[in-house]
Amino acid sequence: MGKNKKPGKSTKNNSAPALQNIDKDVSHLNYKHIAIIALASILVYSNTLFMDFVWDDIPFIKGNKFITNVEKIPYLFTTHLWEGVEGFFRGDYYRPIYALSFAIDHIFWQENPLGYHITNILLHALTSIAVYLLALRILHKNTAAFIAGLVFSVHPLHVEAVAWITGRNNMLLAIFMVFSVYFYILYYEKRKAKYIAASLILFFLSLLIHEIAITLPLIVFLYGICFEEGRLKKKLLWPLIYCAVTIPYFILRFAFLEQAFKGVGKDPFVWHIYTAPILLLKYLKVLILPINLKVAYEMPIKIRPEQDVILYILFFCIIISLVILSLRYDKKLFFSLSWIFITIIPVSGIFIFIKPFLMADRYLCVPSVGFSMAVAIGFVKIRDRLKDKNVIINTIGLSVVAVLSVVSFAYSFTWKDHYTFTIRMIKDAPNYPDAYYNLGLIYAGQKRFDEAVNEFQSALKINPNHVETINNLGLIYATRGQLDDAINELQKALQIKPHYIIHNNLGIMYLNQKRFDEAVNEFQSALKLNPDYDRAYNNLGLAYMKQEKIDDAVIHFKKAIDINPDNENYRKNLDKAYALRGTNTRK
């Protein structure tokens, strides 16, 4: 820097938005860099603003009574993630802050996907800026931090988490985790209580977004190993305090989930030993070379030590050894690389196998923070060694960013609409029955019943016990007037898995055949499985009304209205019951 220039003032070179010459002493905020990172994050995903709800978006946002009703928002904190959705969804996730983000969106946007996409894009931009801020604290070089934030903002691995509305939990998690670490570093540097308080609060909230947050105490310990002074015992203090913050989280998880740790210890541990290294190396491959990305990866669990398994394990051990050796070479590089492996542990297959797919791009949102910093470190080191070729290196770097941006922009069209996404899933995961099932639902909604039946049958060829498919196949038969075939399908589904929706549907079939006693039995069975199922109360009221048990009908119509007071059909049925009873009172 020139003698007459004040520290902190940006020179012409180091303030330019492109990858200019590095000022090794610069570690202050560069607002031009922040603006470019934010702009890149928004532009790359600008096309998603015109996209629709797809896959889980539809039931989770449009059909979630806890999200669509402001008065029921508190239930998000006392139930599993899918409790508010009518259907066959499993309740093994406790993520109330994640669900709350959709409830807030719904207040402003109702069922307009535009608003939800705006939120996702803004979350991505904020995450990219957070990566820049963290990198600035870790790397202490503005250009390196800029590269880290820029790489994160355009990397195609984040398309799933941004373009897919309900994939936002991973980006939301990254914001909270990155800022939690950022405030911890501020506390270590400045020793002000407000920073550690902010860090601990953000960590606890991140646990209420996604389970991957459980790795943050290890990141704090990693920072201590790399950058803090003192003995090991001293470096363990704060990681242990962060571990203590998980105690109330686990209490909540045990309180509100029937299976708080579903999948843990279910499979032989040796299967995890065989599978995890393969999965981890595949994750590293798509981080480094994001081509042939898929919306669903069909990867089998390895149950025996085959030749390829041994090779993957050896290769993985070599990579881990190189990461450990990097500690002597460059602590910042070791921190960045270790961040990848630490935060990928929950989805690595080491402890549990995530079903139905072991691997998903969105799980790499947090690990890619470390990857982005490692890329920035590598780029800076190459430039430092080849100063006479900076123009060429800058051109290559900007070209890579441009290519990644184009790939991300193009790939995001996969989430254009539910049909486009479902067709892509069938292509990527041809052995996944739910993909055919969902395509069948799309055709059924369009009254293309023959095509719907074909897709349902394709799903059943893969999984003959796919209850949701059997149930909907029965409903199509009923629509066609084939009530006996419909009843056979629904009875078959109940033999596989008793479910309140199937009992209710079977009751409707019996009601249509004027088999009123059997209909009553099915509706009652539905209510035993789900005492808050308003449709079954309403249908039970209709059955009683057909049997001329008007008082019983009134009781059940009232119960249906108590649960769902906005349903006008329930009120009309109650009025009919009062009319049959010869009174207009609703006492």
Margin query: Looking at THR395, THR422, can you tell me which residue is in the same structural domain as SER153 (by TED's automatic domain parsing), out of contact with any Phe, Trp or Tyr (no Cβ under 7 Å at 6 or more places or on another chain) and part of a helix (DSSP H, G or I)?
Written below: THR395
Note to self: Show me the helices (runs of 4 or more DSSP H) entirely contained within the stretch 141-213 in which 2 or more residues are among the hydroxyl-bearing types (Ser, Thr, Tyr) and either within 11 Å of the chain's Cα centre (by Cα) or more than 30 Å from VAL400 (Cα to Cα) (or both).
What the structure shows: 168-190, 193-207
Notebook entry, point to check: Since LEU29 meets every condition but one in (1) hydrophobic (A, V, I, L, M, F, W, C); (2) at pLDDT below 90; (3) part of a helix (DSSP H, G or I), which condition does it not meet?
Noted result: (3)
Check: Does LEU222 qualify as being among the hydrophobic types (A, V, I, L, M, F, W, C), modelled with pLDDT of 90 or more, under 22 Å from PHE316 (Cβ atoms) and more than 23 Å from the chain's Cα centre (by Cα)?
Finding: yes
Checklist line | Residue check, ASN521 closer than 25 Å to GLU548 by Cα and part of a helix (DSSP H, G or I) | finding: yes
Note to self: Within the stretch 184-221, take every residue that is in contact with a Ser or Thr (Cβ under 7 Å, 6 or more places away or on another chain) and surrounded by fewer than 21 Cβ atoms within 10 Å (Cβ to Cβ) and give me the one that is farthest from PRO96 (Cα to Cα).
What the structure shows: TYR187
Item checked: Looking only at the stretch 51-64, and only at residues there that are touching a residue at least 60 places away in the same chain (Cβ under 8 Å) and not aliphatic (A, V, I, L, M), the one that is farthest from SER408 (Cα to Cα) -> PHE60
Checklist line | Among the residues listed as LEU81, LEU114, LEU100, the single one being within 14 Å of VAL162 (Cα to Cα) and modelled with pLDDT of 90 or more | finding: LEU114
Notebook entry, point to check: Are any residues in the stretch 97-126 assigned to a helix (DSSP H, G or I) and more than 29 Å from GLY149 (Cβ to Cβ), and if so, which ones?
Noted result: ALA103, HIS106, ILE107
Next item on the list: For the stretch 527-566, name all the residues that are in a loop (DSSP other than H, G, I, E, B) and surrounded by 20 or more Cβ atoms within 10 Å (Cβ to Cβ).
Entry: TYR533
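Determine whether VAL407 is in contact with a Ser or Thr (Cβ under 9 Å, 6 or more places away or on another chain) and surrounded by 15 or more Cβ atoms within 10 Å (Cβ to Cβ).
no
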Next item on the list: Report yes if ARG383 is among the basic types (Lys, Arg), at pLDDT 90 or above and assigned to a helix (DSSP H, G or I), otherwise no.
Entry: no
Next item on the list: Would you please name the residue that is farthest from LYS461 (Cα to Cα), looking only at residues in the stretch 429-444 that are part of a helix (DSSP H, G or I) and touching a residue at least 40 places away in the same chain (Cβ under 8 Å)?
Entry: ASN438
Notebook entry, point to check: Looking at the stretch 342-360, is at least one residue free of Cβ contacts under 8 Å to residues at least 40 places away in the same chain and part of a helix (DSSP H, G or I)?
Noted result: no
Next item on the list: Go through the stretch 267-290 and give me each residue that's free of Cβ contacts under 8 Å to residues at least 40 places away in the same chain and not in a helix (DSSP H, G or I).
Entry: PRO268, LEU289
Notebook entry, point to check: So which of LYS389, LYS355 is at pLDDT below 90 and either over 27 Å from SER206 (Cβ atoms) or of a type in the set (Ser, Thr, Tyr) (or both)?
Noted result: LYS389
Note to self: Can you report the number of residues in the stretch 232-253 which are modelled with pLDDT under 90 and within 16 Å of ILE214 (Cβ to Cβ)?
What the structure shows: 0
Next item on the list: State all residues of the stretch 567-581 that are closer than 22 Å to GLU71 by Cα and surrounded by 14 or more Cβ atoms within 10 Å (Cβ to Cβ); if no residue qualifies, say none.
Entry: ASN567, TYR570, ARG571
Check: In this structure, is ALA145 buried (at least 23 other Cβ atoms within 10 Å of the Cβ) and over 26 Å from PHE335 (Cβ atoms)?
Finding: no
Next item on the list: Scan (1) crowded, with 22+ Cβ neighbours inside 10 Å; (2) in contact with a His (Cβ under 7 Å, 6 or more places away or on another chain); (3) not assigned by TED's automatic domain parsing to the domain that holds SER153 for the single condition LEU81 breaks and write down its number.
Entry: (2)
Margin query: Scan the stretch 432-444 and tell me whether some residue there is out of contact with any strand residue (DSSP E or B) (no Cβ under 9 Å at 6 or more places or on another chain), under 26 Å from LEU287 (Cβ atoms) and surrounded by fewer than 23 Cβ atoms within 10 Å (Cβ to Cβ).
Written below: yes
Next item on the list: Filter the stretch 293-325 down to the residues that are part of a loop (DSSP other than H, G, I, E, B) and over 30 Å from THR420 (Cα atoms), then identify the one that is modelled with the highest pLDDT.
Entry: LYS302
Item checked: Those residues of the stretch 106-159 which are closer than 19 Å to ASN394 by Cβ and among the aliphatic types (A, V, I, L, M), in sequence order -> ALA135, LEU139, ALA144, ALA145, ILE147, ALA148, LEU150, VAL151, VAL154
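The values are calculated or read from the model by the stated rules, or taken from the named source; none is laboratory data. Note that the structure is predicted; figures quoted are calculated from it, not measured. All Cβ positions, glycine included, derive from the backbone under ideal geometry; neighbour counts span all protein chains shown.
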